[in-house]
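The structure that follows is given in the form of structure tokens.
The values are calculated or read from the model by the stated rules, or taken from the named source; none is laboratory data. Just so it is clear, the model here is predicted, and its values are computed rather than measured. Here the Cβ is made from the backbone with ideal geometry for all residues, glycine too, and neighbour counts use every protein chain on show. Each accessible area value is taken on the protein alone, full model and side chains, heavy atoms only, with ligands, DNA and RNA left out. Shrake-Rupley method; radii C 1.70, N 1.55, O 1.52, S 1.80 Å.
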Amino acid sequence: MSHSLIKLEYEILENDFSRAGEASSNMKKMLTHLGINSKIIRKAAIVTYEAEMNIVIHSKGGKIFVTVSPECIEIVAKDKGPGIKDLDLAMQEGYSTAPNDVRELGFGAGMGLPNMRKFCDDFEILSSEGNETCVNMKIYLK
């Protein structure tokens with residue numbers, strides 16, 4: 001891979017299940033084209049998909065920013081609120097605030113944030129009730 005940065009930005013809309021998954025799918029194609037290791041691509045695709053679904057299900061929309069450098073893939077998911085009331089609770093596997101109609105679609109099992117933390121090397125989340133949520137994740141290439 002060359003030493004230049006590659007930056008991608010994806011707009012994620014509230015309740016847009018028809019386009020949900022496009023950001024992670026497009027990023028995965030780009031990483032494959034760059035010749036990134038398939039295990040690293042899988043991790044990046046999982047954390048991006050989970051972030052994307054959380055924005056679709058729980059927020060008023062947002063953006064996902066992907067930066068690929070020679071050292072790492074950085075994924076930043078930023079939404080427009082309403083924020084997470086209890087971050088410790090939200091980080092527990094199986095805990096979900098997804099409404100029933102979303103669960104009936106097969107989403108909202110409460111694995112999004114735990115999977116995001118599990119499949120990246122660095123994980124930071126900033127959120128409080130009534131404010132935006134920002135999740136910063138890094139996956140190192142070495």
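Is there any pair with a first residue in the stretch 110-127 that is on the phi > 0 side of the Ramachandran plot and a second that is open to solvent by less than 70 Å² (accessible area, probe 1.4 Å) whose Cβ atoms are under 8 Å apart and which are 6 or more apart or on different chains, and what are they?
Pairs that qualify, where the first residue is on the phi > 0 side of the Ramachandran plot and the partner is open to solvent by less than 70 Å² (accessible area, probe 1.4 Å), are G110/G94; G110/S96; G110/A98.
Conditions: (1) assigned to a helix (DSSP H, G or I); (2) open to solvent by less than 30 Å² (accessible area, probe 1.4 Å). I139 meets all but one. Number of the miss?
Tallying (1) assigned to a helix (DSSP H, G or I); (2) open to solvent by less than 30 Å² (accessible area, probe 1.4 Å), I139 fails exactly one: (1).
Given the stretch 1-106, what helices (runs of 4 or more DSSP H) lie entirely inside it while holding 2 or more residues that are in contact (Cβ under 8 Å) with a residue 40 or more places away in the chain and open to solvent by 40 Å² or more (accessible area, probe 1.4 Å)? I'd like the intermediate steps shown before the answer.
Working: elements: 22-33, 38-58, 87-90, 100-104.
Where helices (runs of 4 or more DSSP H) fall fully within the stretch 1-106 and carry at least 2 residues being in contact (Cβ under 8 Å) with a residue 40 or more places away in the chain and open to solvent by 40 Å² or more (accessible area, probe 1.4 Å), they are 38-58.
For the stretch 107-130: of the residues being over 24 Å from R42 (Cα atoms) and open to solvent by 80 Å² or more (accessible area, probe 1.4 Å), which is modelled with the lowest pLDDT? It would help to see each step written out before you state the result.
Residues of the stretch 107-130 over 24 Å from R42 (Cα atoms): 126-130.
From the residues that got through so far, the ones that are open to solvent by 80 Å² or more (accessible area, probe 1.4 Å) too are 126, 129.
Numbers: L126: 96, E129: 90.
Residue satisfying both the conditions and the ranking: E129.
Moving on. So which residues in the stretch 107-136 are of a type in the set (D, E, K, R) and part of a loop (DSSP other than H, G, I, E, B), if there are any at all?
Step one: filter the stretch 107-136 for residues of a type in the set (D, E, K, R), giving 117-118, 121-122, 124, 129, 132.
Within the stretch 107-136, D121, E129, E132 meet the criteria.
Closer than 21 Å to S4 by Cα and of a type in the set (A, V, I, L, M): which single residue out of I125, I139 fits that description? Give the derivation first.
Numbers: I125 fails: closer than 21 Å to S4 by Cα.
When all the criteria are applied, what remains is I139.
Does the stretch 79-94 contain at least one residue that is under 12 Å from the mean Cα position of the chain (by Cα), modelled with pLDDT of 95 or more, within 22 Å of S18 (Cβ to Cβ) and of a type outside the set (A, V, I, L, M)?
From the stretch 79-94, those under 12 Å from the mean Cα position of the chain (by Cα) are 79; that's our starting set.
Now narrow it down to the ones that are modelled with pLDDT of 95 or more: 79.
Imposing the further condition that a residue be within 22 Å of S18 (Cβ to Cβ) reduces the set to 79.
Subset that is of a type outside the set (A, V, I, L, M): 79.
Yes - at least one qualifying residue is present in the stretch 79-94.
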